[in-house]
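The values are calculated or read from the model by the stated rules, or taken from the named source; none is laboratory data. What you see is a predicted model; the values in this text were computed from it and never measured. Positions of Cβ are backbone-derived with ideal geometry, glycine not excepted, and every protein chain shown enters the neighbour counts. When the accessible area is computed, the model is the full protein with side chains, heavy atoms only, and any ligands, DNA or RNA have been set aside. Shrake-Rupley method; radii C 1.70, N 1.55, O 1.52, S 1.80 Å.
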Amino acid sequence: HEAAFDFLERAVAARPKDPAILNNYGNALSLVRRFEDAIKHLERALAIKPDMADAWLNLGRTLNFAGQGERALKCFDRLLKLRPDGQSAKSGISRALLSLGRTKEAEETARELIAAAPTAATGYVNLTNARKFKAEDPEIAKVEELIASKETGAKELRGLYFAAAKMYDDVGRYDEGFHYFDLANKASAGKYDTKGLEAAYAELKKTFTRKFFDERANTGVDSERPVFIVGMPRSGTTLTETIIAAHPKVHAAGELETIKRCEREMADLVFRDEGVQKNPRQLSWVGVEVLANRYLDAIDAKTRNAGAARITDKMPHNFQAVGFIALLFPRARIIHTRRSPFDTCLSIWQQNFNDAHSYARNLPDLGHHYAHYLHLMQHWREALPGRMLEIDYEELVANQEEVSRKLIDFVGLEWDDACLRPQDVKRTVLTASVWQVRQPVYKRSAGRWKNYEKHLVPLRESLEAAGAKI
């Protein structure tokens, strides 16, 4: 997608009112999670051509990814009027309903999809996301039948593999579940770049040292409003955010791309010269403040809740940006969520993540990625002593009130008993935790990896080879 931007930007500059070009550019931006920019271009396309079905589809998907479920529903409703026989609108409606916690309606819409297109994967995938299955459910046999059919194409097969895997996991048939998760991941595109990751992390460690921060002790913006929740995906970031967001003085912003955008914009604020690699070391104190204020302006615009004392940003992979965050906001709270390496990695491997998570496609790559995450977090502890609160998922679910009080105290707020009822928080949830976060806190997810222990030897070997202490 990145390779397409140069051509698309030239096309937009040449024909700025061409709705097809605006739609294509908006879609490309959405695919790399630049949702704000994507929404702007897709809205322009629709302002010019209101009956453009593809733009309504892309805008609905993007709004849903950006945490605007209600607006997404309106887009899919409009798409349904333009394409009443298409599956895309119904699928989008089901996903948006699920993100809004309307699971019963999401399930009903998924069943409508299955009835309309009984050989397509979409309805079954949406249904598995909306409910837990029982051994007697007829959909299990139907999905197996579709997988076995010679008429089922490769594109449909991948979705059906994930659906079958989730069904078998729900009913405790873990060998079959592992088999289908493995097939689904093998059918996925994307290649993991081990050397690229190692080089990137080495550069972070070289740049963000204790000396770096000591020399910039008076740099940055003193705002305490942002609360950054970081860690590997599936490590408890969503539950942690939901507990904090139950507090009446907190607004949950979800997984924001804003820090990533500020890192990209940094290039325009540092010394520019051919052959000179742009680096935070080159940022002046003014440049740091510019980026910090851009972040604050962006979260105010997104949340439309400028009165909140704290706004949570729970983009998990911001663990890579802890040094950059600490540079911009020396007083902002950073919470690192941890979970058993095997539970975390297994849960990641079981999700139908996009190609940005190329490390998730096989267990050896996943072990390598996780081990280097551990090494990077150790660096942050040494470079920024005392800056992070680190909590363990297993302790959180075992001692909910104790850990919740620790969280609220760390973010600098008075305790509120609402934080003991995170399942009551009414907000859009877009992560793979969308079903769990609507339930009271439970312990069943801790130790799930033991159901698959005999299959996880490649993961253990990869973790150990990369120097992870497990």
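Peptides 59-65, 446-452, 8-14, ordered by how many other C-beta atoms sit within 10 Å of their residues on average, highest first, read 59-65, 446-452, 8-14. Annotation: amide H-H contacts under 5 Å for Val230 (H modelled 1.01 Å from N, sequence separation of 5 or more, or interchain): Ile335, His336, Thr337.
Bridgeable aspartates and glutamates around Lys90 (alpha carbons under 13 Å apart, same-chain partners fewer than 8 residues away excluded): Asp77, Glu105, Glu107, Glu108, Glu112.
Surface calculation, 1.4 Å probe, protein heavy atoms: Asp137 sits at approximately 30 Å² accessible. Each residue was assigned an accessible area with a 1.4 Å probe, and for Arg158 the value is about 60 Å². For the pair Arg294 and Lys450, label points projected 7 Å from Cα toward Cβ lie 4.9 nm apart. Just the protein heavy atoms count here, and of the accessible area of the chain at 1.4 Å, carbon and sulfur take up 49 percent. Partners of Lys150 within straight-line reach, counting lysines whose Cα lies under 22 Å from its Cα and excluding those fewer than 8 residues away in the same chain: Lys142, Lys186.
Rounded to the nearest 20 debye, the dipole size of segment 117-235 about its Cα centre is 440 debye, using +1 on the Cβ of Lys and Arg and -1 on the Cβ of Asp and Glu. In segment 80-118, whose amide N lies under 13 Å from the spot 7 Å out along Cα-to-Cβ of Lys142? List them in ranges. Only 108-118 fall inside the zone, counting backbone N under 13 Å.
Taking the alpha-carbon centroid of each part, what is the distance from segment 280-317 to segment 22-52 in angstrom? Going from one Cα centre to the other spans 24 Å. At a probe radius of 1.4 angstrom, the accessible area of segment 252-411 per residue rounds to 38 square angstrom. Taking amide hydrogens as placed 1.01 Å from N in the peptide plane, the amide H of Glu255 sits under 5 Å from those of Lys314, each at least 5 positions away in sequence or on another chain. Using θ = phi - 60° in the Karplus curve 6.51 cos²θ - 1.76 cosθ + 1.60, the 3J(HN,Hα) couplings for segment 390-405 round to 10, 10, 9, 3, 4, 5, 4, 6, 7, 10, 4, 5, 4, 6, 5, 5 Hz; x is entered for Gly and Pro.
Pairs spanning more than 32 Å between alpha-carbon atoms, out of Lys74/Lys155; Lys49/Lys166; Lys166/Lys302; Lys191/Lys249: Lys49/Lys166; Lys166/Lys302; Lys191/Lys249.
Our coupling estimate for segment 59-75, obtained by passing each phi through the Karplus curve with A = 6.51, B = -1.76, C = 1.60 and θ = phi - 60°, is 5, x, 4, 5, 4, 5, 4, 7, x, 10, x, 5, 5, 4, 4, 5, 5 Hz, Gly and Pro reported as x.
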